[in-house]
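Step one of this worksheet: look at the structure below.
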Amino acid sequence: MWRLLSYSPGVWTSKKECKVCGKQSVTISESVGVCADCLREDRRLASLALETHRKTREKFGLPGEPPRDPKGLRCGLCGLDCRIPEGGKGYCGMVENRKGRLVRLGGTPERGVLEWYYDPLPTNCVAEWFCPGCTGLGYPKYAVSRTAEHGYKNLAVFYGACNLDCLFCQNWHYRGLAARAKPTLSARDLASKVTERVTCICFFGGDPGPQAPHAIATSREAIKRARGRILRICWETNGQWNPNLLRVAAKLSLDTGGIVKFDLKAWSPGIYEALTGVPLGRLYENARLVAEMAAERPEVPLFTASTLLVPGYVDEEEVRMIARFLASIDPDIPYTLLAFHPDYVMYDLPPTSRRHAEEALRAAKEEGLTRVSIGNVWLLSNYY
């Protein structure tokens with residue numbers, strides 16, 4: 001059984017060396033092996049981090065990298081567009097090629113690999129500072145109260161698969177669900193968990209993208225059962241979706257007062273791939289797709305983005321470029337900066353410092369964004 005690697009503050013003070021330029025710093029992670037400057041200069045250097053991805057994924061029986069067999073079967077369900085060899089699995093672990101036929105272990109309307117629970121409102125989601133359930137924004141069309149919806153609940157749906165392999169993943173245990181392909185629940189049965197006190201559903205994980213058909217079917221069935229009462233559909237995702245399915249998911253949020261949150265891990269292709277194990281792909285095209293739909297509903301933001309401030313990698317320069325992109329679409333897009341804490345295999349980096357967060361905040365505002373927030377401020381440190 002894979003166990004979370006332990007860490008201690010002493011690990012954070014140890015300087016590690018970039019395998020390319022020789023630079024030494026406490027904010028170079030051994031799991032990556034390369035500094036941010038080198039990764040920005042040459043995206044091919046991300047390959048040095050892929051060995052870590054392969055080793056950790058092997059423990060869960062997951063492919064070390066997205067399969068690209070020219071003779072394999074095309075999945076097409078998410079943005080990775082895996083080509084799966086016979087006897088192999090897709091990167092997310094939810095689809096197999098069995099004797100020339102794709103078999104989906106999860107993500108169909110009949111079978112979703114997931115866990116679920118009720119989360120009392122107001123909840124601590126990234127969008128809580130403008131979410132209708134936490135603030136009353138959009139009342140009375142999209143919220144049941146002028147203020148936070150005390151006494152109501154969010155149906156939180158944690159999908160047990162992901163099409164990224166973030167080395168800092170705080171929900172890394174989803175890999176165990178993906179490896180077992182259980183527990184499972186049909187879309188109809190999941191929708192039945194929506195009681196009269198549930199005013200929103202949030203799909204997260206893992207990530208909802210690899211099981212999008214199940215989430216979409218759940219949403220449609222739940223909305224039908226709600227019979228016109230408020231039921232917001234929300235998504236927390238890495239954004240690596242099939243654009244056709246993404247458009248459907250975003251429309252469900254648009255119509256119900258829900259929010260689509262993209263976790264934009266990095267701007268530079270080399271840093272993104274080193275941290276997540278997969279290429280950048282069409283992530284920012286997908287972000288633009290949803291952000292441009294937001295103009296249809298000005299009362300409540302449809303699209304929001306967040307970025308985890310990974311010390312040494314997701315620095316002021318990465319945030320500046322992401323913010324510039326967002327501001328070019330709409331300067332009022334809400335953008336949340338999140339503090340990193342050591343987790344999964346990135347246990348050798350320090351928590352995000354207060355200075356790091358303040359510099360990133362300033363950079364985002366300088367690029368023209370008007371709604372920028374630092375999220376989990378209690379995790380910020382006074383060091384590094």
Can you show me the helix-derived [θ] at 222 nm for the chain, built from DSSP H runs with n ≥ 4 at -39,500 (n - 2.57) apiece and divided by the number of residues, rounded to the nearest 500.
-8500 deg cm²/dmol
For the chain, with every protein chain kept in place, what is the accessible area per residue (1.4 Å probe, Å²)?
42
Taking a ≥ b ≥ c as the square roots of the Cα gyration tensor eigenvalues, with a/c under 1.5 meaning rounded and otherwise prolate when a/b beats b/c or oblate if not, segment 288-337 comes out prolate
Would you compute, for the Cα atoms of the chain, the largest minus smallest coordinate along each principal axis and list the three values in descending order, in whole Å?
62, 54, 37
Please work out whether segment 237-384 counts as rounded, prolate or oblate from its C-alpha gyration tensor, where a ≥ b ≥ c are the square roots of the eigenvalues and a/c under 1.5 means rounded, while otherwise a/b larger than b/c means prolate and anything else oblate?
prolate
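What does the net charge come to around residue 23 if you take all other residues with beta carbon closer than 15 Å to its beta carbon, with K and R at +1 and D and E at -1?
-2
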Under 25 Å between alpha carbons, and skipping anything fewer than 8 positions from residue 15 in its own chain: which lysines qualify?
23, 55, 265
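What translational diffusion coefficient, in µm²/s and rounded to a whole number, does the Stokes-Einstein relation yield for segment 201-292 at 37 °C and a viscosity of 0.692 mPa s, taking the hydrodynamic radius as the Kirkwood radius over Cα pairs?
The estimated diffusion coefficient comes to 239 µm²/s.
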Under 18 Å from the Cα of residue 261 - lysines, other chains or at least 8 residues apart:
251
Under a crude label model (7 Å from the Cα following the beta-carbon direction), how far is residue 295 from residue 225 in nanometres?
3.7
Given axes a ≥ b ≥ c from the Cα gyration tensor, I'd like to know whether segment 79-159 is rounded (a/c under 1.5), prolate (a/b larger than b/c) or oblate.
prolate
Hand me the trypsin sites (Lys or Arg not before Pro) from segment 79-147 located in a DSSP loop with no more than 15 other Cβ atoms within 10 Å, in residue order please.
99, 141, 146
Can you tell me how much longer the chain between residue 195 and residue 173 gets when fully stretched, taken as 0.36 nm per residue apart minus their C-alpha distance, in nm with one decimal?
5.1 nm
Which value in nm describes the separation of the simple spin-label points at residue 74 and residue 150, placed 7 Å from the Cα toward the beta carbon?
5.4
Testing the spin-label approximation: label points 7 Å from Cα along Cα→Cβ at residue 42 and residue 55. State their distance in nm.
2.2
If I model segment 192-234 as equal point scatterers sitting on the Cα atoms and use the Debye formula, what is log10 I(q)/I(0) at q = 0.20 Å⁻¹?
-0.60
With the dipole of the chain defined by +1 on each Lys or Arg Cβ and -1 on each Asp or Glu Cβ, the option from 226, 290, 156 whose Cα lies farthest towards the positive pole is 226
From Cα pairs below 8 angstrom and at least 6 apart in sequence, can you work out the relative contact order of the chain, rounded to a whole percent?
16
Exposure of residue 116 as accessible area (Å², to 10), given a probe of 1.4 Å and all protein chains:
90
Per DSSP, the loop-located trypsin sites (Lys or Arg not before Pro) within segment 173-233 having at most 15 other beta carbons within 10 Å are 197, 227, 229
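Work out the length of the dipole vector of the chain about its Cα centre, built from +1 on the beta-carbon of each Lys and Arg and -1 on the beta-carbon of each Asp and Glu, and round it to the nearest 20 debye. Show your work: numbers first, answer last.
On the way: 51 positive and 42 negative charges, 272 e Å.
With only Lys, Arg, Asp and Glu charged at Cβ, the dipole is about 1300 debye.
The values are calculated or read from the model by the stated rules, or taken from the named source; none is laboratory data. The model shown is predicted, which means the values in this text are computed figures rather than measured ones. No Cβ is skipped: glycine too gets one built from the backbone with ideal geometry, and neighbour counts run over all protein chains shown. For accessibility, only protein heavy atoms count, side chains too; no ligands or nucleic acids. Shrake-Rupley method; radii C 1.70, N 1.55, O 1.52, S 1.80 Å.
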